[in-house]
Structures are given as C-alpha cells and as structure tokens.
1. Give me the net charge of Glu48's neighbourhood, meaning all other residues with Cβ under 12 Å from the Cβ of Glu48; Lys, Arg count +1, Asp, Glu -1.
2. State, as an integer percentage, the relative contact order of region 1-44 based on alpha-carbon contacts under 8 Å between residues 6 or more apart.
Amino acid sequence: MALFKCPECGELISTESISCPKCGYNVNAYMENNGDKLQCNHCWKLNESGTKFCSHCGNNLQYSHSVKDGLPSDDLKQAKIDEHERKTLPIILAIIIIVLLLMCILPQVFIIV
C-alpha cells in the first residue's frame with residue numbers, strides 16, 4: 001500500500017482508496033487520469049512523467065515518485081518532521097521574545113549572583 005497526498009485536502013491517503021476519508025475526493029478517477037505523473041515531494045504538485053524539475057517550484061524531481069507509486073517512507077518521515085518544526089518554531093521564538101522583553105522591563109529579576 002503506497003500513500004500520496006490528497007489533491008483536495010492534503011491528507012495522506014492510500015493509492016488503493018476509492019475516496020479520501022477526510023474530504024471524500026474521488027481517488028479512483030484521479031488515479032486513472034494522473035497515476036503516471038510525478039508528484040513533487042516539495043510542493044506536491046503534479047508534473048509530467050520524465051520531467052527533471054518541478055514546473056511549479058523548481059524542486060529536483062530525482063527522488064519524487066509517480067502518484068500510483070506513492071511516497072517513499074523517508075519522504076513521509078520528512079513531511080512529519082517538517083510539519084512538527086513549523087508548529088514548534090513560532091512557540092520557541094515567542095518564548096525567547098518574552099524572556100528578552102522581561103529582561104528589559106525587570107532587569108533586577110534576572111541578576112545572577
């Protein structure tokens with residue numbers, strides 16, 4: 001069972017699915033029309049088979065796979081890591097900014113003896 005991103009909602013779904021469980025998108029019709037196209041592993045847009053670079057974002061398609069082959073497991077792991085980083089980075093930056101502001105407003109609290 002291979003996975004790919006639903007073109008409608010972005011959910012990871014099986015290439016063998018009849019429809020997307022999240023949004024109901026018709027996967028069968030999509031596979032019939034686009035199964036041989038390459039799905040960019042950066043922007044997830046479709047490109048014609050044999051294309052070397054994504055026509056949408058310019059990403060090297062050397063490691064991209066056709067829609068019917070799905071995404072390799074390493075790409076799935078990287079997609080999860082990227083998603084986690086996008087969620088945690090703003091939180092970390094906000095904490096740093098708050099601490100710096102507190103150091104400016106209340107410097108006596110942060111004096112180390």
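Readers should treat all values here as calculations from the given coordinates under stated rules, not as data from a laboratory. As the structure is a prediction and not an experimental result, all values here were calculated from the model. As a convention, Cβ positions derive from the backbone with ideal geometry for all residues, glycine included, and neighbour counts pool all protein chains shown.
1. +2
2. After rounding, I find 25 percent.
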